[in-house]
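Data first, discussion second: the structure below is written as structure tokens.
The values are calculated or read from the model by the stated rules, or taken from the named source; none is laboratory data. Here the structure is a predicted model, which means the values were calculated and not measured. Positions of Cβ are backbone-derived with ideal geometry, glycine not excepted, and every protein chain shown enters the neighbour counts. Note: accessible area is taken over every heavy atom of the protein model, side chains too, but ligands, DNA and RNA are not part of it. Shrake-Rupley method; radii C 1.70, N 1.55, O 1.52, S 1.80 Å.
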Amino acid sequence: MKILSVVGARPQFVKLAPIAHAAAARGVEHVIVHTGQHYDPMLSDVFFTDLGIPAPDVHLGAGSGSHGQQTGAILSAMDAVLEEARPDWVLVYGDTNSTLAGTLSAVKMHLPVAHLEAGLRSFNRAMPEEHNRVLTDHAADVLLAPTEVARQHLAAEGLAERTIVVGDVMTDVLHTVRDSLTGAPASVLASAGVEAGEYYVATIHRAESTDDPERLAEIARSLKALDKPVVLLAHPRLVARSESFGIDWSGGSVRLHAPLPYPELLAATMSSAGVVTDSGGLQKEAFLLRVPCTTVRTETEWVETVDLGWNVLAITAEEILAGVQRPAPTPTDETPYGDGHAAERVVDELLRRTHG
């Protein structure tokens with residue numbers, strides 16, 4: 001069996017790691033296509049090294065641009081790649097423009113598509129990611145759902161027959177990396193001038209946070225006013241938008257810091273007093289590490305984190321301050337995101353469907 005993985009953004013590289021390892025363990029041929037959607041080395045290349053992922057077989061170099069430009073660039077380049085590779089399965093990940101473009105190219109060439117992390121829904125149609133994930137789910141042949149809630153969403157859309165719950169591959173990665181970590185993240189503590197347990201980790205990068213100057217200014221006000229230092233891992237989009245809007249992050253609690261390699265991000269999160277983010281992945285990583293999270297969005301796809309009290313949604317500066325400085329959540333042993341063996345189930349399911 002030959003699987004072709006289409007990836008292009010930081011969360012997808014993390015999800016790719018356990019799939020690559022599971023495919024290798026089963027002797028499955030695995031072609032990796034990097035679309036180049038994230039082209040900053042700290043958001044791209046470093047993940048392949050840190051997570052032991054083979055170098056991409058193909059790099060499309062799509063780069064940045066509007067959603068239409070980026071999706072179109074990837075789509076136009078994918079046809080030739082798929083024509084040459086002719087995989088048994090095209091595996092797409094998550095909800096990015098790379099996900100949708102890879103799916104569209106494959107289905108038009110009558111190649112089977114499997115969608116990893118299928119069934120997530122924010123029910124916010126203003127989010128580009130929501131359109132990407134819904135369109136991908138309805139076009140794909142196999143829907144690899146991470147949770148029971150995701151399965152229920154797919155069933156409500158008439159997609160139950162294509163769905164299988166495999167668990168969450170992010171849990172696989174996190175367990176592996178967490179168990180390999182030793183001690184506190186010395187480089188982060190030193191470079192940001194903070195002490196273990198006495199700082200927050202923040203990431204802000206989604207379009208709805210960064211493209212509205214008033215919204216971004218309110219987030220900046222709230223983070224600067226927090227009661228502990230905030231290590232803000234500054235995504236390139238955040239830096240560019242802040243400069244163009246004239247938003248100043250200095251003069252308060254915020255310490256700007258470059259994005260971190262995944263192991264260091266987990267180490268920094270584990271040693272922190274809490275997380276503030278608009279990232280889907282970091283919400284879940286914080287929960288799995290049992291670190292309180294405040295999500296600066298109106299909704300989340302990872303509703304289990306909210307239901308169990310480890311994540312709160314916050315929009316206004318007052319809500320963000322209250323959320324981050326809230327009392328510690330009630331401890332829980334719940335494992336809604338699986339047992340750390342999701343990638344093995346994914347590869348086994350594709351093998352079963354290929355060979356019967």
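A few comments on the model shown:
- Residue satisfying all of: in the range 314-326; within 20 Å of M270 (Cα to Cα) and either modelled with pLDDT under 95 or assigned to a loop (DSSP other than H, G, I, E, B) (or both); most open to solvent (accessible area, probe 1.4 Å) among these: Q325
- Residue check, H34 over 26 Å from A234 (Cα atoms), crowded, with 20+ Cβ neighbours inside 10 Å and touching a residue at least 24 places away in the same chain (Cβ under 8 Å): no
- Residue count, the range 124-172 (criterion: hydrophobic (A, V, I, L, M, F, W, C), more than 18 Å from the chain's Cα centre (by Cα) and in a loop (DSSP other than H, G, I, E, B)): 3
- One residue stands out in the range 289-307 among those that are assigned to a loop (DSSP other than H, G, I, E, B) and open to solvent by 50 Å² or more (accessible area, probe 1.4 Å): the one that is modelled with the highest pLDDT, namely R290.
- Test: residue in the range 197-205 that is of a type in the set (F, W, Y), open to solvent by less than 30 Å² (accessible area, probe 1.4 Å) and either at negative phi or touching a Pro at 6+ places or on another chain (Cβ under 7 Å) (or both): yes
- The listed residue being assigned by the TED database to the domain that holds H235 and at pLDDT 95 or above, out of E218, E148: E218
- Odd one out for V254, checked against (1) more than 29 Å from F48 (Cα to Cα); (2) open to solvent by less than 40 Å² (accessible area, probe 1.4 Å); (3) at pLDDT below 95: (3)
Residue by residue, here is whether (1) in a helix (DSSP H, G or I); (2) surrounded by fewer than 19 Cβ atoms within 10 Å (Cβ to Cβ) holds:
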site: V275; (1), (2): no, no
site: F287; (1), (2): yes, no
site: V312; (1), (2): no, no
site: A328; (1), (2): no, yes
site: Y337; (1), (2): no, no
site: G340; (1), (2): no, no
site: E349; (1), (2): yes, yes
site: T354; (1), (2): yes, yes
